[in-house]
Amino acid sequence: MAKFTKANSVGEWLDQRLNTTTLNKVLMTEYWIPKDINFLWAMGVLLATTFGILVISGIFLMMYYKPDVNLAFDSVNYTIMQEVAYGWLFRHMHGVAASVVFLIIYIHMLTGIYYGSYKQGREMIWISGMLLFVTFSAAGFSGYMLPWGQMSYWAAMVITNLFGGVPFIGDALVVWIRGDFNVADATLTRFFMLHVFLLPIVIMGIIVVHFYTLRIPHVNNQESEDIDFDAEAEKYLSGNKKESKVIPFWPIFISKDLAVLGIFLIFYFYLVFFHYSFAMDPVNFDPADNMVTPAHIYPEWYFLWSYEVLRGFFFDIGPIKAFDVGLIAFGFANVIFFIFPFLDRDPAVLPAHKRPGFNIWFWLLMVDLIVLTVYGKLPPTGINAWVGFVSATIFIILFLLLPIITKADAKKRGA
């Protein structure tokens with residue numbers, strides 16, 4: 001049994017039992033971050049903060065929300081918005097944070113792609129990050145259904161119908177997910193449980209895994225320089241801080257993160273108080289009615305790119321029906337990012353501006369994603385349908401060409 005001496009303070013008492021000094025070094029004061037980074041490396045802290053806002057505001061909303069098809073709409077639009085003191089504020093905070101969190105995730109993902117922060121030992125960082133994206137997407141979709149407005153109901157109908165395309169078990173799977181043959185009360189209560197309990201717990205677990213995956217390969221930097229962290233840490237600890245290429249997470253790096261966080265919160269609360277309507281679809285202020293289909297059904301903006309890939313193939317290809325083609329393309333679009341590190345055949349970790357072919361590929365992808373997002377909200381008629389088809393096809397072709405392009409870049413450098 002370990003021997004304990006009399007502690008002179010609460011901190012010393014805890015240290016004897018929990019080894020808090022070593023834990024503080026490992027996680028904070030001697031967790032080393034490259035100096036050569038910019039504000040884009042603060043997205044992790046912004047994401048954690050926004051998730052915290054979602055949890056706290058969600059707890060207050062849950063106190064008054066009624067997960068019942070006869071009560072849900074009024075509990076949101078009347079009870080919370082008009083009767084509960086500052087209920088409108090918590091709803092605005094939750095709705096805006098739900099949109100902003102995806103903006104942060106997309107910036108974080110695209111930063112990782114641009115700087116090559118997904119290979120040479122960082123594959124698990126990327127994969128755990130993609131798992132976070134999927135769970136946040138599930139939380140976003142389940143939450144979108146809870147107000148039980150027109151768009152909530154019909155979006156749930158469209159999305160759950162997608163599972164009907166799964167071979168052999170599709171129809172049974174749809175009924176199992178809904179808890180009924182139609183989107184109904186059982187569906188609402190299931191999605192309520194997912195949104196307020198199961199998915200937040202899963203997200204918290206994956207966040208822990210995501211941070212842990214950073215421990216071994218460390219954080220990348222702007223030039224993707226291969227830094228000897230142990231040697232640079234020794235320089236810093238010996239007092240040679242100017243020449244050292246690393247800084248400690250606490251208090252140096254976190255102070256920079258907090259500066260970016262402060263600017264972000266100004267932007268966030270500006271949206272909460274003055275421009276919250278962008279996060280609330282006007283169609284969703286009509287109660288759900290299964291007898292009246294909205295003229296145009298579409299998801300929130302952060303799903304529009306993949307939604308456009310789904311519906312972009314609006315005609316049959318040989319014996320394959322248009323629905324099945326779209327479903328295959330949709331599955332491709334969502335799975336392909338998971339295997340992204342293995343599609344890049346360039347062994348070097350370099351930013352896109354040092355890889356000519358990949359640089360062109362990256363910016364083409366950016367433009368294509370914007371086009372998919374814009375046209376995903378437009379009715380799929382006339383020229384809109386063809387633009388959607390072309391952009392969805394380009395998206396797939398870009399990823400099919402990625403191994404060839406990255407291998408060519410490596411060959412040009414003599415790698």
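Hey, can you tell me all the residues within segment 148-173 that are of a type outside the set (A, V, I, L, M), assigned to a helix (DSSP H, G or I) and in contact with a helix residue (DSSP H, G or I) (Cβ under 8 Å, 6 or more places away or on another chain)?
Residues satisfying the conditions are Gln150, Ser152, Tyr153, Thr160, Asn161, Phe163, Gly164, Gly165, Gly170, Asp171.
Say we look at segment 222-254 and pick out the residues that are among the charged types (D, E, K, R) and touching an Asp or Glu at 6+ places or on another chain (Cβ under 8 Å); which of these is surrounded by the fewest Cβ atoms within 10 Å (Cβ to Cβ)?
Per the criteria, the residue is Glu225.
Take Gln82 and tell me if it is open to solvent by 40 Å² or more (accessible area, probe 1.4 Å), among the polar types (S, T, N, Q) and closer than 18 Å to Pro217 by Cα.
no
Could you check segment 85-132 and list, in sequence order, the residues that are open to solvent by less than 20 Å² (accessible area, probe 1.4 Å) and on the phi > 0 side of the Ramachandran plot?
Listed by number, the list holds a single entry, Gly116.
Matching residues to (1) in a loop (DSSP other than H, G, I, E, B); (2) of a type in the set (S, T, N, Q); (3) modelled with pLDDT of 90 or more:
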residue	(1), (2), (3)
Ile252	no, no, yes
Lys256	no, no, yes
Ala259	no, no, yes
Gly262	no, no, yes
Ile266	no, no, yes
Tyr270	no, no, yes
Phe278	no, no, no
Met291	yes, no, yes
Ala295	yes, no, no
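Somewhere in segment 244-255, is a residue farther than 26 Å from Val55 by Cα, touching a strand residue (DSSP E or B) at 6+ places or on another chain (Cβ under 8 Å) and of a type in the set (S, T, N, Q)?
No, there is no match, as no residue in segment 244-255 is farther than 26 Å from Val55 by Cα, touching a strand residue (DSSP E or B) at 6+ places or on another chain (Cβ under 8 Å) and of a type in the set (S, T, N, Q).
Within segment 288-346, take every residue that is open to solvent by 30 Å² or more (accessible area, probe 1.4 Å) and polar (S, T, N, Q) and give me the one that is farthest from Tyr106 (Cα to Cα).
Filtering first and then ranking leaves Asn290.
Need pairs with beta-carbon distance below 7 Å; first residue more than 30 Å from Leu27 (Cα to Cα) and among the hydrophobic types (A, V, I, L, M, F, W, C) and within segment 182-209, second open to solvent by 50 Å² or more (accessible area, probe 1.4 Å) and at pLDDT below 95; sequence gap 6+ or separate chains.
The qualifying pairs are Ala186/Asp180.
Would you pick out the residues in segment 328-341 that are free of Cβ contacts under 8 Å to residues at least 12 places away in the same chain and not in a loop (DSSP other than H, G, I, E, B)?
Ile328, Gly331, Val335
Mind counting the residues in segment 363-390 that are under 16 Å from Leu402 (Cα atoms) and touching a Leu at 6+ places or on another chain (Cβ under 8 Å)?
So the count comes out to 4.
The values are calculated or read from the model by the stated rules, or taken from the named source; none is laboratory data. Quantities reported herein were computed from a predicted structural model and do not represent experimental measurements. Counting neighbours? That spans all protein chains shown, and the Cβs are built from the backbone with ideal geometry, glycine included. These area figures cover heavy atoms from the full protein model, side chains too; ligands, DNA and RNA do not enter into them. Shrake-Rupley method; radii C 1.70, N 1.55, O 1.52, S 1.80 Å.
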